[in-house]
Amino acid sequence: MGRLDGQVALITGGEGSVGRATARAMVREGCRVVLAGIAPDGLAACRAEFGDDVAAVLRTDVTDAASVRAAVRATIARFGRLDIVFSNAGVAGVIAPVAEYPDDEFDRVLAVHVRGSFLTCKYSLPTLPDGGRIIINSSVVGLTSDPGISAYATAKHALVGLMRTLAKEVASRAIRVNTIHPGPIDNDFQHAIEVAATGAPADRAAQVFDEMIPLRRHATPDEIAAAVLFLAGPDSAFMTGATLVVDGGMSA
Ligand SMILES: NC(=O)c1ccc[n+]([C@@H]2O[C@H](COP(=O)([O-])OP(=O)(O)OC[C@H]3O[C@@H](n4cnc5c(N)ncnc54)[C@H](O)[C@@H]3O)[C@@H](O)[C@H]2O)c1
């Protein structure tokens, strides 16, 4: 028996590092998954990795309402139900002080994270059964911040507001809504941020970040997936409106 037997999850940014690790973890627990994203190579890799019986792979832009509505409709058409939503699509934006931060880049980062999560929640909710779960991927910088990341940190903080509001709106249907707050993960997304932030080569930049993390290392994508699985499954049955920090102590 898997902890998610017979259930169906929609994962935005599903073709990315954390999205795909989470899909694998959910499939191992008996869940079928819909991987919704925009990167052609990643979507193709997902099609090659996951069988049609357990997964559907969709081109979906979370900033576009029609695209998100279509993804929810396709999930129901393919698997007949939707129990779990993992709002995970993300972009880092550039690193620059507020006074120099490009306006259009600020808008783009907020559109993917904030508008994207809003639309994903909004259009999933009518199809979620009582007892459904929504997990929103924020970040350690949804609770703290650092210089240069105004767009990303603002967006990740905003997701906490969305989560808290929604958790109270849908609690009467026993739908649980929580955020996760990963620290630096050992993947391309984070390594690009580290190189941009430090100006050092990737290995040295990663060391600089390791020194800021009390556990002295990055998370693996699988460790983040395990936290999502916890919030998606029965072991977190009394958790809603919570911010689950998975950051090796970085925000302590
Ligand atoms: N990597 C880290 O260290 C870290 C830490 C904390 C939080 N996060 C968050 O985790 C989430 C997943 O990131 P990741 O580390 O797996 O990086 P990733 O780049 O591998 O995954 C992000 C995915 O989102 C997709 N995406 C971007 N814009 C989209 C859009 N408009 N519509 C649909 N999909 C879109 C990308 O194609 C990509 O596949 C992001 O929200 C990120 O902010 C990452």
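The values are calculated or read from the model by the stated rules, or taken from the named source; none is laboratory data. Note that the coordinates shown come from a computational prediction; the quantities given were computed from them, not determined experimentally. As a convention, Cβ positions derive from the backbone with ideal geometry for all residues, glycine included, and neighbour counts pool all protein chains shown.
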task: Return the pairs, sorted by first residue and then second, in which the second residue is among the charged types (D, E, K, R) and surrounded by 13 or more Cβ atoms within 10 Å (Cβ to Cβ), the first residue lies in the stretch 164-175 and is more than 15 Å from Ile84 (Cβ to Cβ) and not assigned by TED's automatic domain parsing to the domain that holds Ile136, the beta carbons are less than 7 Å apart, and the residues are 6+ apart or on different chains.
output: none
message: Cβ-Cβ under 8 Å, sequence separation 6+ or interchain: first residue in the stretch 134-151 and more than 18 Å from Phe106 (Cβ to Cβ) and in the same structural domain as Ala174 (by TED's automatic domain parsing), partner of a type in the set (Lys, Arg) and assigned to a strand (DSSP E or B). Which pairs?
response: Ile134/Arg176
- prompt: Is it the case that Gln190 is under 16 Å from the mean Cα position of the chain (by Cα) and not assigned by TED's automatic domain parsing to the domain that holds Arg24?
  reply: yes
- request: Could you tell me which residue of the stretch 130-143 is nearest to Gly93 (Cα to Cα), considering only residues that are surrounded by fewer than 19 Cβ atoms within 10 Å (Cβ to Cβ) and touching a strand residue (DSSP E or B) at 6+ places or on another chain (Cβ under 9 Å)?
  value: Leu143
- line: Note on Arg3: of the conditions (1) more than 13 Å from the ligand (Cβ to nearest atom); (2) of a type outside the set (Gly, Ala, Ser); (3) in the same structural domain as Leu119 (by TED's automatic domain parsing); (4) closer than 22 Å to Val228 by Cα, unmet is (3)
task: Taking the options Ala205, Ala237, Ala232, Ala226, name whichever one is farther than 17 Å from Ala153 by Cβ and in contact with a helix residue (DSSP H, G or I) (Cβ under 6 Å, 6 or more places away or on another chain).
output: Ala205
query: Hey, among the residues in the stretch 121-148 that are within 10 Å of the ligand (Cβ to nearest atom) and part of a loop (DSSP other than H, G, I, E, B), which one's nearest to Thr75 (Cα to Cα)?
result: Ser138
